[in-house]
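The values are calculated or read from the model by the stated rules, or taken from the named source; none is laboratory data. Note that the structure is predicted; figures quoted are calculated from it, not measured. As a convention, Cβ positions derive from the backbone with ideal geometry for all residues, glycine included, and neighbour counts pool all protein chains shown. The area values use the complete protein model at the heavy-atom level, side chains included, leaving out ligands, DNA and RNA. Shrake-Rupley method; radii C 1.70, N 1.55, O 1.52, S 1.80 Å.
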Amino acid sequence: MRPGGVREGVLAAVLPLLLGTALVLGTAACGSRLPESDFEHRTTPAPQSTAPLRVGIVTSATSPVGGSAFTGPRDGAKAYFDRLNARGGIDGRPVEVRTCDDGGSGVGDNECVHRLIDEDKVVALVATTALDYAGATRVSAAGVPDIGGQPIGAAYDTYPHLYGIYGSLAPREGTPGWGGKLYGGTEVYRYFKRAQGARTAAVISYNQSASAAYARLVTRGLKAEGYQVVTEQVDFALPNFRAAAADLKDQGADLVFDALDTHGNAQLCKAMDDVGAKVIAKVTNVQNWTSTVPEDYKDAPRCRNALWATGSSRNYEDTSDAAVRAFRDATKGLPTHSQWQLEGWAAAMWFTDAARSCAKTGVTRVCVDRFMNRGAPYTADGLLIPVSSERLPTPPKTRRTCVSVARWEDGRGWVSQGDMNSDCFEVPQLSYEP
């Protein structure tokens, strides 16, 4: 189970809708064994080295989903390392970034992993964002720490040495979650009920298996929080969004959740504007928390200004925060900004802190992994809701979980709502299959 809850845990169910395919699933387990020399304790500090520290970033940059869908974490991580190197690197050692585009395929992902681990000899992977993370078994078997990756599939809840950006409480012994089931909380639904007074929610999906499965999970979570739920399903090939929008208007929906791709969301929003549907919030996820909202929703000004995003990291537009200002200053040359870029930046910071902990022993895969396994929550200088990577034998039935919330406003962009470290709720944990 990842602390991010259902909102991130089922991201894999939405992304494949852009392709009209089924869920991206994890691959089979593979054991790992480290050489005995990795466990030897040094009695004196390692010799000071100025050689570059090599890290790898795997991204589905040219996947069928689209050229810019997965590049945010990579761009954020690279910006962090550029800034770090300009300031002297890690104890005088620059970080050398090796990137690999896996093309969004399992074959390509395995090729990237082989090249980065076996040929480039990277000490760690950072900010992995792969549509089909088929190489996860090889990464785990090699004992290479994979730090701050996006949990598009179930890999970060399946294998040791993999540390997703939102953490995990699962045993990670080669099977997803606990006995093949993952768990997530209902904190997003609780937030809108308590903070915004919402009582009726609409869930819109395609008549496609992955979309329908995600919609059922959202519906289950909403009902657990006491909502009246209106479900709408549209044809994947010829969707009638206007009819769905008219129905959710007639039934007085306060909130709209969806299991749609970006194009479908834009069409739904336009339909809502056309029929005069007014809601408290049209809720989207962290992947759509970007500066491209005006272009993506150009034909739906009313719905556009009802967009809310939820996640587990600090709003990339909250420049009142010093850590966010540092991110924005370093990325001011990028044409767009996004929450995934900020999370890639946080992943790079996480690796840097892990590497700096190895000053006495030398920066090795084992030492970096030891830092990642130390059990202490990590916040990336306050950019993340505290991330935990533990291994619980059984899933908790309830959990205190926090949520970061922002609302889009024309002329202002994404405006933070409340405080992510205070908007916390003790919520039930619902099971689902990845």
Filtering region 261-291 down to residues that are modelled with pLDDT under 95 and more than 17 Å from the chain's Cα centre (by Cα), which residue is farthest from LYS332 (Cα to Cα)? GLY264
Can you confirm whether region 197-204 contains a residue that is closer than 16 Å to GLU433 by Cβ, out of contact with any Gly (no Cβ under 8 Å at 6 or more places or on another chain) and open to solvent by 20 Å² or more (accessible area, probe 1.4 Å)? no
Of all residues in region 311-320 being in contact with a helix residue (DSSP H, G or I) (Cβ under 9 Å, 6 or more places away or on another chain) and farther than 22 Å from THR401 by Cα, which is surrounded by the most Cβ atoms within 10 Å (Cβ to Cβ)? GLU317
Name, by its number, the condition in (1) in contact with a helix residue (DSSP H, G or I) (Cβ under 8 Å, 6 or more places away or on another chain); (2) buried (at least 18 other Cβ atoms within 10 Å of the Cβ) that does not hold for CYS424. (2)
Filter pass, ILE117 being in a helix (DSSP H, G or I), of a type outside the set (S, T, N, Q), in contact (Cβ under 8 Å) with a residue 12 or more places away in the chain and open to solvent by less than 10 Å² (accessible area, probe 1.4 Å): yes
For CYS112, indicate whether it is part of a helix (DSSP H, G or I) and in contact with an Asp or Glu (Cβ under 9 Å, 6 or more places away or on another chain). yes
Cβ-Cβ below 9 Å, separation at least six or inter-chain, first residue in region 363-385 and within 27 Å of ALA322 (Cα to Cα), second at pLDDT below 95 and of a type in the set (Asp, Glu): which pairs? GLY375/GLU390
Residue hits (region 221-239; touching a Lys or Arg at 6+ places or on another chain (Cβ under 8 Å) and either surrounded by 24 or more Cβ atoms within 10 Å (Cβ to Cβ) or aromatic (Phe, Trp, Tyr) (or both)) are TYR227
Quick count over region 240-268, residues being in contact with a strand residue (DSSP E or B) (Cβ under 7 Å, 6 or more places away or on another chain), closer than 28 Å to ALA69 by Cβ and surrounded by fewer than 20 Cβ atoms within 10 Å (Cβ to Cβ), is 1
What helices (runs of 4 or more DSSP H), lying completely within region 1-105, carry at least 1 residues that are modelled with pLDDT of 95 or more and open to solvent by 20 Å² or more (accessible area, probe 1.4 Å)? 72-86
Do we have any residue at all in region 163-175 that's of a type in the set (Val, Ile, Thr), touching a strand residue (DSSP E or B) at 6+ places or on another chain (Cβ under 9 Å), surrounded by 24 or more Cβ atoms within 10 Å (Cβ to Cβ) and in contact (Cβ under 8 Å) with a residue 60 or more places away in the chain? yes
Which one of PRO434, PRO428 is of a type outside the set (Phe, Trp, Tyr) and in a loop (DSSP other than H, G, I, E, B)? PRO434
Among the residues of region 164-208, count how many are within 19 Å of the chain's Cα centre (by Cα) and part of a strand (DSSP E or B). 7
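Let's see how each residue does on (1) in a loop (DSSP other than H, G, I, E, B); (2) among the hydrophobic types (A, V, I, L, M, F, W, C):
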site	(1), (2)
LEU248	no, yes
ASP258	no, no
ASN265	no, no
VAL279	yes, yes
CYS303	no, yes
Considering region 125-142, residues that are buried (at least 24 other Cβ atoms within 10 Å of the Cβ) and of a type outside the set (A, V, I, L, M), and then whichever is farthest from GLN341 (Cα to Cα), we arrive at GLY135
Residue among ARG391, ARG374, ARG328 that is touching a Phe, Trp or Tyr at 6+ places or on another chain (Cβ under 9 Å), among the charged types (D, E, K, R) and open to solvent by 50 Å² or more (accessible area, probe 1.4 Å): ARG328
Would you call PRO145 modelled with pLDDT of 95 or more, within 18 Å of SER388 (Cβ to Cβ) and surrounded by fewer than 24 Cβ atoms within 10 Å (Cβ to Cβ)? no
Test of understanding: among GLY344, GLY382, GLY362, GLY333, which residue is assigned to a helix (DSSP H, G or I), among the small types (Gly, Ala, Ser) and more than 25 Å from PRO171 (Cβ to Cβ)? GLY344
Residue pairs meeting the criteria (Cβ under 7 Å; at least 6 apart or on separate chains; first among the basic types (Lys, Arg), in region 222-233; second surrounded by 15 or more Cβ atoms within 10 Å (Cβ to Cβ)): LYS223/VAL229
